[in-house]
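Below is one structure, written out as structure tokens; comments come after it.
Where a number appears in this text, it was derived from the coordinates with a stated rule and is not lab data. All figures in this text were calculated on a predicted structure; none of them were measured in a lab. Cβ placement follows ideal geometry from the backbone for every residue including glycine, while neighbour counts extend to all protein chains displayed.
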């Protein structure tokens, strides 16, 4: 294998374009975090200055924790997002296994419905979903558990189509001989799925779990409709309330945005290899 690959002018152009794109993506995040450590009257006059010396302050974060129930909102967001990710990978995994390995009536129709499910935005279904959840007495209730379930259910349904498409592409690429050998050894379909499919398809399952978690965490629209009480609000819903009430306090807004994006950045930094590996493997092998 030749490791002395020459660096061409084309490679330089590609890296330059990627560097500019990365800068336009990363710098806004850095700018928000940087301004979260400045007083609100300093942001407009010194918005691009590094917060050092007298310019540095933690007042915005102290105000955010004093005025907002940050820890409760984090807890609610984590419960919803982790529940959505866990349920999606279980349901989508079993559905994908059945669609790939079994032949039955309406199989093609089900595959078409799965793909069609990705074409309907949440905005078009929120009214019937809200009426259905209301008939189940899951919304406008004092119960925290029921309120969080009311948000998790539509998010699970909204993520299933994407998850099934990704997982079917990966499972289809796995050698069926392993499953046939396990079947001859007396394994049930559930054992084949749990002991063969899941270990082999870990990258794809990780991709589905990560994207489901992030989409759920950032889903403000569903939370706006279903989380009415202050103590039930998740972190993105809380940030929206802050924007409405403190529209001119840019320091407090920057601090709150920084608190919201920290979990997302942590998830991506530590799990980015699973995101890339799972998506590329599903795309190439499927």
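To the nearest ten degrees, helix 126-135 and the longest principal axis of the Cα atoms of the chain are 80 degrees apart. Sort region 1-94 into rounded, prolate or oblate with this rule: let a ≥ b ≥ c be the square roots of the eigenvalues of the Cα gyration tensor; rounded if a/c is under 1.5, and if a/c is not under 1.5, prolate when a/b is larger than b/c, oblate otherwise. Oblate shape, in that a/c is at least 1.5 and b/c is the bigger or equal ratio.
Counting only helical runs of four or more DSSP H residues, what would the 222 nm mean residue ellipticity of the chain come to if each run contributes -39,500 (n - 2.57) and the total is spread over all its residues? Intermediate results must be reported in sequence, preceding the final value.
Values: 13 runs with 208 residues, N = 286.
Calculated from helices alone, the mean residue ellipticity at 222 nm is -24000 deg cm²/dmol.
Helix 107-117 versus the longest principal axis of the chain: what is the Cα-based angle in degrees, 0 to 90, to the nearest 10? Long axis of 107-117 versus the principal axis of the chain: about 10 degrees. Two numbers describe the Cα atoms of region 9-61: Rg and Dmax, which are 15.5, 49 Å. Going by neighbour counts of Cβ atoms within 10 Å, the residues 47, 150 line up, fewest first, as 47, 150.
Pick the calculated percent of Cα pairs over 27 Å apart for this structure from (1) 55; (2) 41; (3) 34? Given (1) 55; (2) 41; (3) 34, the structure-derived one carries the label (1). When the chain is treated as a GNM with alpha-carbon contacts under 10 Å, the residue of 93, 251, 186 showing the greatest mean-square fluctuation is 186.
When each of 181, 216 is scored by the number of other beta-carbon atoms lying within 10 Å, the sequence from fewest to most is 181, 216.
Between 110, 229, 18, the GNM of the chain built on Cα springs shorter than 10 angstrom shows 18 fluctuating the most. Result for the chain in a Gaussian network model with C-alpha springs under 10 Å: among 143, 173, 188, the largest mean-square fluctuation is at 188.
Here the contact order of the chain, divided by its residue count and restricted to Cα pairs under 8 Å and six or more residues apart, works out to 30 percent.
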